[in-house]
Each structure stands twice: as structure tokens, then as C-alpha cells.
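Colleague: Dumping the structure here so I can ask a few things about it.
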Amino acid sequence: MEQPLDNPIWNALISGNSNLAHGNNRVKYFAENVAPFVGFEDYSAANFNTLHKQVTDQRVFAVVSAEEIIIPDQWKVLNNMKILQMVFDGSLPSEPLNYELVTLEDQHIPAMLALTKITNPGPFTERTIDFGNYKGIFNNGELIAMAGYRTQPSPYVEISAVCTHPNHFGKGCAGTLINYHIRQIIATSGIPYLHSRTDNAIAIKLYQKLGFVARKEMTFNIIQKN
């Protein structure tokens, strides 16, 4: 049986994120203003061709795979990198007490976009909030840290957009937010997981401290329709 996390985008779009799915029964993707990710039932040239026919010129997608894959010539590869997939395997953390966690809603989108522009936690656009369950920490009315959900290949739920304003590093904001989400995901019988760039040693060390273990090094391709 296939492990859902070996093809996380496809499995999310046919399960926990099916409400956000566009495409057909072989290729599914998120709206451009939600996330750049596309999922394939398999990474065949035929499926890449199907996607090419469905979307507008110059459309950019992110493809996540467990192995290196062949990108057909009608797509330009803008970037190819490795990301580390990590799964929670620790003890249930205690209730977060360090900070008040605020539910982030549409009114907070400008502040969320501003924070992600400074911190660059990964793809984040004007409707990424539609993945849900975003919580933030404020200081004197300014959003200084946040984290929420992204892909949900059942039973796994990805904790994503974990970011802290540089002026507030080292104050426990990220750990507080991640521990909150761990508790929430486990309470609904889910399994928390996340991704990190392989060169982000600080983030990986924090995730390990919080109970995440490395599962697999994944391939991350950014492609654009020619």
C-alpha cells in the first residue's frame, strides 16, 4: 500500500483538501491564489500534458515527489531542491501558556502577507488562509508570529507557514504555535507532519526538539508552463 506522504499533494487533494481541488481524476491542483501545488496520480508524461492543456500560459506550479522525476519539455523547471519531510513522533505537549493565540481571519490577511514576505516560510498567497486553522501571536497590535495548516493527506495534517518576525526570534513563539497545532491535530485523530528546507538547520533543530523525526528527503520542483 502506498504511503500517503510519498505523494502528499495528490493524496491531500483526494482526501483532506478535496474541497479546494481543481482538475480531474488524474491531475488535481489548488487555485492559484491558494497555493501553487499540483498533485498527480502518477508522474507520467500524459498527466503533465493534461495539466498543460488545462491551465493558462506561464502558470507556475510546485511538484512534490518522493523521488526525482522527469519533467516534460513543455514545462520549464524554475527550481529544483530538496526538502525534508518530518512526522511527529513525540509525547503530547502541554497546553501552550506563553502567549495568547489569536485566530487569524480575512481581516488579518494583509498582516499575514507582510509577515511571510519578511520571513519567507514557503508559498503563501492571498487565499492560503483557506487551508484553515491559522493562529497568530500579536505584540502591540503587530502580528509577530503565526502557523496554520496546509496539505492534509488523511490522516496526516501539515503544519505550515511557521514564521516569526526577526525582532522576536528566540522568544518561544514558533514552539508555542507548533505545540498548539500538534495538540489540535492529535485531538482529531490526525498525525502532524511538516516540511523544511534541508539547509534550514535552525528550523530542523526546533522541529526535532518538539518531537518531529525525519521521514524522507523529498524533491521539490517549481515548474512553469511554456
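The values are calculated or read from the model by the stated rules, or taken from the named source; none is laboratory data. On a predicted model such as this, the values are computed, not experimentally measured, just so you know. Heads up, the Cβs are rebuilt from the backbone with ideal geometry, glycines too, and the neighbour counts pull from every protein chain shown. Ligands, DNA and RNA are stripped out before the accessible areas are found, and what is left, the full protein with its side chains, is counted by its heavy atoms. Shrake-Rupley method; radii C 1.70, N 1.55, O 1.52, S 1.80 Å.
Colleague: Can you list residues from other chains, or at least 5 along the same chain, whose modelled amide H is less than 5 Å from the amide H of A145?
Modeller: I137, H165
Colleague: Moving on. In Å², and per residue, what accessible area does region 1-72 have when probed at 1.4 Å with the other protein chains present?
Modeller: 45
Colleague: Here is a further query. Suppose all protein chains stay in the model; what accessible area per residue would a 1.4 Å probe give for region 129-226, in Å²?
Modeller: So region 129-226 comes to 42 Å² accessible per residue, rounded to a whole number.
Colleague: Residues of region 67-111 with the amide nitrogen closer than 16 Å to a label point 7 Å from the Cα of N167, along Cα-to-Cβ, please.
Modeller: 111
Colleague: Let me ask something else. With the full set of protein chains in place, find how many percent of the accessible area of region 67-226 is carbon and sulfur; take the probe as 1.4 Å.
Modeller: 49
Colleague: Summing -39500 (n - 2.57) over the DSSP H runs of n ≥ 4 in the chain and dividing by its residue number, what mean residue ellipticity at 222 nm do you reach, to the nearest 500 deg cm²/dmol?
Modeller: Computed mean residue ellipticity for the chain: -6500 deg cm²/dmol.
Colleague: Moving on. Past 29 Å, Cα to Cα, is the threshold; run K135/K225; K53/K216; K28/K135 against it and keep the listed order.
Modeller: Flagged as over cut-off: K135/K225; K53/K216.
Colleague: Just to be sure I understand the model, the point goes 7 Å from the Cα along the line to the Cβ. What's the resulting L206 to L113 distance in nm?
Modeller: The two pseudo-label positions are separated by 2.4 nm.
Colleague: If R0 is 25 Å, what FRET efficiency do you get for E217 and A45 from their C-beta distance, rounded to 0.05?
Modeller: In this case the efficiency is close to 0.55.
Colleague: Taking the Cβ-Cβ separation of A31 and S91 as r and a Förster radius of 25 Å, what is the calculated FRET efficiency to the nearest 0.05?
Modeller: 0.10
Colleague: A further question on this structure: Just check region 3-67 against the gyration tensor rule for me: Cα atoms, a ≥ b ≥ c as the square roots of the eigenvalues, rounded for a/c under 1.5, and otherwise prolate or oblate depending on whether a/b exceeds b/c.
Modeller: oblate
Colleague: From zero up to wherever the largest Cα-Cα distance of the chain sits, split into 10 Å bins and tell me the percent of pairs in each.
Modeller: In whole percents, the pair-distance histogram is 8, 33, 37, 18, 4, 0.
Colleague: By how many degrees, between 0 and 90 and to the nearest 10, does the Cα long axis of helix 173-187 differ from the longest principal axis of the chain?
Modeller: 70
Colleague: Checking the a/c ratio against 1.5 first, then a/b against b/c, what shape does the Cα gyration tensor give for region 1-131?
Modeller: Taking the square roots of the gyration eigenvalues as a ≥ b ≥ c, region 1-131 is prolate.
Colleague: Still on this structure, please answer the following. Taking the Cα centre of each part, how many Å lie between region 126-164 and region 40-96?
Modeller: The distance from the Cα centre of region 126-164 to that of region 40-96 comes to 20 Å.
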